[in-house]
1. Go through (1) under 16 Å from Glu364 (Cβ atoms); (2) among the aliphatic types (A, V, I, L, M); (3) in contact with a Gly (Cβ under 8 Å, 6 or more places away or on another chain) for Ala322 and report which single condition fails.
2. Looking at Thr76, Thr53, which is the one that is touching a strand residue (DSSP E or B) at 6+ places or on another chain (Cβ under 9 Å) and of a type in the set (Ser, Thr, Tyr)?
3. In the range 237-250, what residues are over 16 Å from the mean Cα position of the chain (by Cα) and touching a residue at least 12 places away in the same chain (Cβ under 8 Å)?
4. Looking only at the range 305-341, which residues are within 24 Å of the chain's Cα centre (by Cα), surrounded by fewer than 16 Cβ atoms within 10 Å (Cβ to Cβ) and not in a strand (DSSP E or B)?
5. For the range 156-180, what are the residues that are in contact (Cβ under 8 Å) with a residue 60 or more places away in the chain, touching a Ser or Thr at 6+ places or on another chain (Cβ under 9 Å) and within 16 Å of the ligand (Cβ to nearest atom)?
6. If you check Val119 against the conditions, is it over 23 Å from Gln49 (Cα atoms), among the β-branched types (Val, Ile, Thr) and away from the ligand (no atom under 15 Å from the Cβ)?
7. Being of a type in the set (Asp, Glu), crowded, with 17+ Cβ neighbours inside 10 Å, in contact (Cβ under 8 Å) with a residue 40 or more places away in the chain and farther than 19 Å from Thr131 by Cβ, is that true of even one residue in the range 287-295?
8. When the range 137-152 is examined, which residues are found to be more than 24 Å from Ala9 (Cβ to Cβ) and within 16 Å of the ligand (Cβ to nearest atom)?
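The values are calculated or read from the model by the stated rules, or taken from the named source; none is laboratory data. Being a predicted model, the structure only gives us computed values, none of them experimental. FYI the Cβ positions are ideal-geometry reconstructions off the backbone, even for glycines, and counts take in every protein chain you see.
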Amino acid sequence: MAVIPVAIAGAPYEVRIQAGVLARAGEHCRPFLRKDRVSVITDENVAGQWRQTVAASFDAAGIRSEWLVLPAGESTKSWEHLARTVDWLLEQEVERKDRIVALGGGVIGDLTGFAASIVKRGCGFIQIPTTLLAQVDSSVGGKTAINTPAGKNLVGAFHQPALVLADPLALDTLPLRDVRAGYAEVVKYGLIDDPAFFQWCEAHGASVLAGDHAAREYAIAHSVAAKARIVAADEKETAGVRALLNLGHTFGHALEAETGFSDRLLHGEGVALGMVLAARFSARQGMMSGEDAQRVVAHIGAVGLPASLLALGLTCNGRQLADHMLHDKKMDAGTLPFLLMRGIGQTFLANDVDLADVAAFLDEELTPP
Ligand code: GLY
């Protein structure tokens, strides 16, 4: 088992990664629970796959599990389902020192974490992420949120879990497209500050996607260790360090907005193409070599993630895409911090990017050769 400590001041915890850990969830959670009862929040799809296994593991540990099963999908991250979850937790008489369990992908983790942050002014929670994206990114670091009509993740709180359990076997039952979208966040850690890990991704990305358990376990553990380092250095994203995790997200957010936050472009796919665009824009600005930018394009494309803006078939122009960036939640007093690259593993925060240059670049990317 890989155990990655997340050294958040005042709220340290571990991420435990192991094939089969879902079937031993009760045993792992037991020392974190004060009672012989636990409230578990999940969605219909995850319940279909894992409820029996996880409930049996709690039974075996002498803990009765109570379940709230929510609809699957992004629309569950809403005021309505937050209210339903909070009311249910209050009916369960959850107390501040209790820990509730989030079993699922990013939607369930974000919603449950936010509910935990407000029930009785804050109770504890444990993350058991079942998608690659949740295992390598959203379950670690304490960002919790819901979506509102004004945008995604605009209402939330920093609230750290007490424990994270990640089981690579959970990925076996997911559609390949979802695993691939989560893999974009794995590649991101190489591009941020770890060229050797990017090289590992180039060599082993295909195995990760093909279902090789050892490769998956390594990719998850390495990614979590990278995220743990970053969030321990800058928990609340105020020191310009955690912001590095937004590599690819500014371009990606504009693409998601243009495609209506729909299945046409999953979040991870938007991040993948966003990283390609960040690399190509960095090269166009003379910051990164064309060869390094091409390596990014080649790897993203080789694993089947979108690597060409033109291929997305958008009907907008560069200015319209850049306009979506004005509504990005990272806007800061009229400027938009951009993550650019000086090379593979040399990402930096640029505060002086001119959106007119970005629009001109996007027009070029949208123009057939
Ligand atoms: N997913 C970005 C972060 O946790 O900061």
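1. (3)
2. Only one candidate passes the filter, namely Thr76.
3. Gly240 - this is the single residue of the range 237-250 that is over 16 Å from the mean Cα position of the chain (by Cα) and touching a residue at least 12 places away in the same chain (Cβ under 8 Å).
4. If the condition is that a residue be within 24 Å of the chain's Cα centre (by Cα), surrounded by fewer than 16 Cβ atoms within 10 Å (Cβ to Cβ) and not in a strand (DSSP E or B), then Ser308, Leu326, His327, Lys329, Met331 are the ones that fit.
5. Phe158, Pro161, Val164, Ala166
6. Yes.
7. yes
8. Ile146, Asn147, Gly151, Lys152
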